[in-house]
Amino acid sequence: MTRPRQKKRKLPADRARVEKIISRLNRAHPDAKLDLDFTNPLELLIALILAAQARDDLVNQITPALFVKYRTAEDYAAAPPEELEKEVRRINFYRNKSRLIKNCCAELARSFNGEVPSGLEELLTLPGVGRKTGNIVLGNAFDRQAIGVDTHVMRLSQRLGLTRNTNPDKIEFDLTAIVPEKQRVRFCHLLQYHGRRVCFAKKPRCPECVIKSLCPYPEKSTA
Ligand code: SF4
């Protein structure tokens, strides 16, 4: 079946469009936030390692007991591997993830006095930490304005024509150039919620989307 041809509309320039997108998504998703539960940077780092290709709600079911049992980077580093694996076995790739947690925490203990560093360069030296994880830690645990490109941020920024790149690092740089500095973390939370509630990967709900007039996605659904 051929799709009805979409009328081409002239869209505002990217920076102006981003501001409108943020404003409309703020009204549509006032509750948008990071969905992982944590009370300090170390807990967020552990939760993010566990959350790779896993649901946040499952991670949130596992972490309360984990965070009571292991309170410091040294605790994780010293834990017998099989004991840590048992604690996280409900999550996918639990063996790999528990090994990453141990290695990451051993490095924290060795090089950072057990504290999660508050700079991206230092975070990137930790095993299991890439730019996405590092930026999410900075943005959500240290109140720094950073863009962590997760699957929703990547998909929506591509659909919205805010980047032509497919590499997450390049997408981060593209977005950093057009998203107002004070709103970078908020922008990510809004795209994550919009991606979960409206702009689905397979069948986006375009007719009810509050930013449809700002979106150039050629495959927009019509019903
Ligand atoms: S119009 Fe459709 S493709 Fe564009 S952001 Fe909204 S739901 Fe996603």
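The values are calculated or read from the model by the stated rules, or taken from the named source; none is laboratory data. For clarity, every value in this text was computed on a predicted model and none was experimentally measured. As a convention, Cβ positions derive from the backbone with ideal geometry for all residues, glycine included, and neighbour counts pool all protein chains shown.
Tell me yes or no: at least one residue of the stretch 96-113 is crowded, with 17+ Cβ neighbours inside 10 Å, farther than 12 Å from I46 by Cα, within 20 Å of the chain's Cα centre (by Cα) and in the same structural domain as I49 (by TED's automatic domain parsing).
no
For the stretch 130-143, does any single residue satisfy the condition of being outside the structural domain of R24 (by TED's automatic domain parsing), basic (K, R) and in contact with an Asp or Glu (Cβ under 8 Å, 6 or more places away or on another chain)?
yes
Kindly establish whether A73 is surrounded by fewer than 18 Cβ atoms within 10 Å (Cβ to Cβ) and of a type in the set (G, A, S).
No; evaluated as a whole, the condition is false for this residue.
Residue-wise test of (1) in a loop (DSSP other than H, G, I, E, B); (2) closer than 26 Å to H189 by Cα; (3) touching a Lys or Arg at 6+ places or on another chain (Cβ under 6 Å); (4) of a type outside the set (A, V, I, L, M).
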| residue | (1), (2), (3), (4) |
| --- | --- |
| K33 | yes, yes, no, yes |
| L58 | no, yes, no, no |
| F67 | no, yes, no, yes |
| D75 | no, no, no, yes |
| E82 | no, no, no, yes |
| R95 | no, no, no, yes |
| G114 | yes, no, no, yes |
| P117 | yes, yes, no, yes |
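Out of the residues in the stretch 80-109 that are among the charged types (D, E, K, R) and either in contact with a strand residue (DSSP E or B) (Cβ under 9 Å, 6 or more places away or on another chain) or touching a residue at least 24 places away in the same chain (Cβ under 8 Å) (or both), which is nearest to A52 (Cα to Cα)?
By that ranking, first place goes to K97.
Mind listing whichever residues of the stretch 47-74 are of a type in the set (G, A, S) and closer than 18 Å to E107 by Cα?
Across the stretch 47-74, the qualifying residues are A47, A73.
Could you list, in sequence order, all residues of the stretch 121-137 that are over 15 Å from the mean Cα position of the chain (by Cα) and part of a helix (DSSP H, G or I)?
Once the filter is applied, which keeps residues that are over 15 Å from the mean Cα position of the chain (by Cα) and part of a helix (DSSP H, G or I), the stretch 121-137 yields E121, E122, L123.
Going through the stretch 141-154 one residue at a time, which ones are among the charged types (D, E, K, R) and buried (at least 17 other Cβ atoms within 10 Å of the Cβ)?
Within the stretch 141-154, D150 is the sole residue that qualifies.
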